[in-house]
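Heads up: the structure comes next, in structure tokens.
The values are calculated or read from the model by the stated rules, or taken from the named source; none is laboratory data. Small disclaimer: the values here were computed from a predicted structure and weren't measured. Cβ coordinates were reconstructed from backbone atoms using ideal geometry, including for glycine residues, and neighbour counts include every protein chain displayed. Heavy atoms of the whole protein, side chains included, go into the accessibility calculation; ligands, DNA and RNA do not. Shrake-Rupley method; radii C 1.70, N 1.55, O 1.52, S 1.80 Å.
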Amino acid sequence: PGTMLLACVARLTKQKGLFDLLKAMSRLREAAPEARLLLVGRGELLPKLREAVDLLGLRPFVRFTGFRRDIRRILSGSDLMVLPSHWEGFGLVLLEAMEAGIPVVGTRVGAIPEVVADGETGIIVPPHDPDALATGLVRLLRNPETAVAMGEAGRRRLAEEFGMRKAVEAHENLYEELLRK
């Protein structure tokens, strides 16, 4: 009770911008002391990330879960999803967050801004910017009504833009275009 749970589901690699996330978490200690971070995943940076958590005094605020198969359960129990990537492909975890009805704070790289509608289903921030990341997180943590509304908008966007009907329409359009040629 009283805890705001942030989830980051990612491989623990340089690509994912996790040191930026830890720096942002250190800024949240005063601005949002109720915030806790779950780092879900495994990868070669685990020892260095644990060391950074200790150096930044974040041990009470960050928990490493390792690899998990119950991502839906984790996201449905979280208040928001954060993906601070430096570069990114599509990021299926974004769709999983939308399915769980939680907003996403992500960076303006790869397909993240195409999936997350800035100001509607989450907040998009510049990559390599822990201060902007912290500001986006605090905005949602301080405004739970906004966060809930963004989560609901994400669930609707998932159904409208990424659902089965949309995929079938895209395939039908492709086939029609190919037949015309």
From the residues in the stretch 154-163 that are assigned to a helix (DSSP H, G or I) and out of contact with any strand residue (DSSP E or B) (no Cβ under 9 Å at 6 or more places or on another chain), which one is nearest to SER26 (Cα to Cα)? ARG155
Looking at LYS23, LYS16, LYS48, which one is surrounded by fewer than 22 Cβ atoms within 10 Å (Cβ to Cβ) and in contact (Cβ under 8 Å) with a residue 40 or more places away in the chain? LYS23
Breaking point among (1) in contact with an Asp or Glu (Cβ under 8 Å, 6 or more places away or on another chain); (2) more than 16 Å from GLY151 (Cα to Cα), for MET4: (2)
If you check GLY2 against the conditions, is it out of contact with any strand residue (DSSP E or B) (no Cβ under 8 Å at 6 or more places or on another chain), open to solvent by 10 Å² or more (accessible area, probe 1.4 Å) and at pLDDT 95 or above? no
Within the stretch 71-82, residues being in contact (Cβ under 8 Å) with a residue 60 or more places away in the chain and more than 20 Å from PRO144 (Cβ to Cβ) number 1
Restricting to the stretch 91-147, name every residue that is assigned to a loop (DSSP other than H, G, I, E, B), touching a residue at least 40 places away in the same chain (Cβ under 8 Å) and farther than 13 Å from LEU6 by Cα. GLY101, ALA117, PRO127, HIS128, ASP129
Only listed residue being exposed (fewer than 11 other Cβ atoms within 10 Å of the Cβ), at pLDDT 95 or above and either more than 30 Å from LYS23 (Cβ to Cβ) or among the charged types (D, E, K, R) (or both), chosen from GLU145, GLU152: GLU145
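To keep it simple, each residue is scored yes or no on (1) open to solvent by 80 Å² or more (accessible area, probe 1.4 Å); (2) in contact with a Ser or Thr (Cβ under 7 Å, 6 or more places away or on another chain).
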site: LEU37; (1), (2): no, no
site: ARG59; (1), (2): yes, no
site: ARG69; (1), (2): yes, no
site: LEU75; (1), (2): no, no
site: ASP79; (1), (2): no, no
site: TRP87; (1), (2): yes, no
site: GLY91; (1), (2): no, no
site: ALA100; (1), (2): no, yes
